[in-house]
1. Any idea which of (1) surrounded by fewer than 22 Cβ atoms within 10 Å (Cβ to Cβ); (2) in contact with a strand residue (DSSP E or B) (Cβ under 9 Å, 6 or more places away or on another chain); (3) assigned to a helix (DSSP H, G or I) is the one residue 445 doesn't satisfy?
2. Within segment 261-365, considering only helices (runs of 4 or more DSSP H) that don't extend past its boundaries, which have at least 1 residues that are under 28 Å from residue 388 (Cα atoms) and touching a strand residue (DSSP E or B) at 6+ places or on another chain (Cβ under 6 Å)?
3. Output the number of residues of segment 27-59 satisfying the condition of being in contact (Cβ under 8 Å) with a residue 24 or more places away in the chain and either outside any helix (DSSP H, G or I) or over 30 Å from residue 456 (Cα atoms) (or both).
4. I'm told residue 76 meets every condition in (1) within 30 Å of the chain's Cα centre (by Cα); (2) surrounded by fewer than 24 Cβ atoms within 10 Å (Cβ to Cβ); (3) under 16 Å from residue 146 (Cβ atoms) except one. Can you identify the failing condition by its number?
5. Got at least one residue in segment 152-160 being under 29 Å from residue 34 (Cβ atoms) and either under 27 Å from the mean Cα position of the chain (by Cα) or surrounded by 21 or more Cβ atoms within 10 Å (Cβ to Cβ) (or both)?
6. For segment 102-113, which residues satisfy the criterion of being surrounded by fewer than 23 Cβ atoms within 10 Å (Cβ to Cβ) and in a helix (DSSP H, G or I)?
7. Just checking, does segment 83-101 include any residue being free of Cβ contacts under 8 Å to residues at least 40 places away in the same chain, assigned to a helix (DSSP H, G or I), loosely packed, with under 10 Cβ neighbours inside 10 Å and in the same structural domain as residue 193 (by TED's automatic domain parsing)?
8. Out of all the residues in segment 349-365, is one or more loosely packed, with under 15 Cβ neighbours inside 10 Å and in contact with a helix residue (DSSP H, G or I) (Cβ under 9 Å, 6 or more places away or on another chain)?
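The values are calculated or read from the model by the stated rules, or taken from the named source; none is laboratory data. Keep in mind the model is a prediction, meaning the values are calculated, not measured. When we count neighbours, we look across all protein chains shown, and the Cβ atoms used for this are built from the backbone with ideal geometry, even at glycine.
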């Protein structure tokens, strides 16, 4: 600036430019101070006294990266110890930069876990912020190095947080701010601090705008405006629909100065083996009836889209509800009708758990999205006197730590039941079996579940079992999970630079419904006994795909026009299923012949079966009588039916 001023030209430098220059200088000075304190990098002897426990070399590197960057995103694989790296980074900043106040924002279920780990790894005081607004405001006035709060109260506590003025903000499970439109995301992004560290194993779950939203908290200029960022990396069709993503490697390069991600393979972490099995469970006729009823709703709405290329808000809502009900029917009819309980998944799960628990010391974590599935499982576990704990979103925050502690420390408590509230952030290394009773839409959620058990501290091989209802929407979800995983790897793990949807997703969805009859095996007849053991597809790596059975979302659904008779609900009576099938077939044939006869006449003209009374103008259907012998047989059958009533 001084040199420019000597050229006799007017020079203007705005405040934001001066602020940027000052920030660049401060960053350089911070890196130099940290380099002097840790002259040998990750091998420096200063790490020996940094925390109460020793760190792995990659954890030392991660802590140094976060401290030097000042504001960064740590996206290591789940189970690699992001929490302890965050605590180490905070300690480095405290020693080198004078950080005195650290605010940790995390899901409610993890607040007490953060408090425990801060006490276990550091000498710093940690205070959990909880209670009503006055109690929380008082907590911010207390003296402590760490204050731990949850995302839901940030908006109401913003004034108290601003008065406390944290030096460092740590966001744990930062996918909570992936949607920039939510009040939570907007409130968190209004917080101010010189340093920030974002922790998430899944910064990208479904769409690129989620990654943009999370990075915006760290550095709002890094990826540029959202509209330009998305325009540069989206592939769209002529109608503006997203068909894929491109230039993903460019995003990785742009984020390199502030984002660090290592996989378990990269750090050569000697974790025990993880084996995954898929069990394909046959549905009962009652389940299939619910499944087919809602699938037909999906098919009708898809047909409307195909015809008009538009869906109203009401249709979109009905579509989501029908898809959800299809998934619920895969577990049990109890989820849709609490007066019934038809389904084989829960009984198979109990048999699976009993066999697994026969091995001494084995503990199991069972995930399902729905509380009602756990209700069925709890009844059966109680009947067999198998102790368990149930962790779900309705458990008060101050009791959640008790549940995880009991499961971890009580040798008699060997089953941990959890909704997806338990799939985020919890450390459940005391278990070595994970059972998924249903598959989430999102591969990141699935990996979150498995990462609770297969993580640092696990000393035994882990078995992950996935129960999938055969020939249902769960089958079709397998391919969708594979696509989303490819998108994640393309941006963050140096995978494919381009990922395509192979057509607009809903269009593929509708095409899959029409071709479904050829995509899955026919349901077994009702009179055949169910197999004693579920069919299992073993995958040591967890990457196996059912190529022929898993197209996108519902590519594995039965045809709309002819649902199998064996899937119809039973209404009692002594008639065999086969006889009712014949009746249905005969009725269908009659209606088809009637339609053909009525369509044979010229358009707009009368047919031999449809006539109009000249006097009254009323239209009526005229059916010619058959031969007297046939008419007598019909009268006899009708008389027999009347007598039975």
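1. (2)
2. Numbers: elements: 285-308, 313-331, 345-357.
Passing ranges, in order: 313-331, 345-357.
3. 10
4. Condition (3) is where residue 76 drops out.
5. From segment 152-160, those under 29 Å from residue 34 (Cβ atoms) are none; that's our starting set.
There is no residue in segment 152-160 that is under 29 Å from residue 34 (Cβ atoms) and either under 27 Å from the mean Cα position of the chain (by Cα) or surrounded by 21 or more Cβ atoms within 10 Å (Cβ to Cβ) (or both).
6. Initially, segment 102-113 is screened for residues surrounded by fewer than 23 Cβ atoms within 10 Å (Cβ to Cβ), giving 107-108, 112-113.
Scanning segment 102-113 gives 108, 112, 113.
7. no
8. Taking every residue of segment 349-365 in turn, none turns out to be loosely packed, with under 15 Cβ neighbours inside 10 Å and in contact with a helix residue (DSSP H, G or I) (Cβ under 9 Å, 6 or more places away or on another chain).
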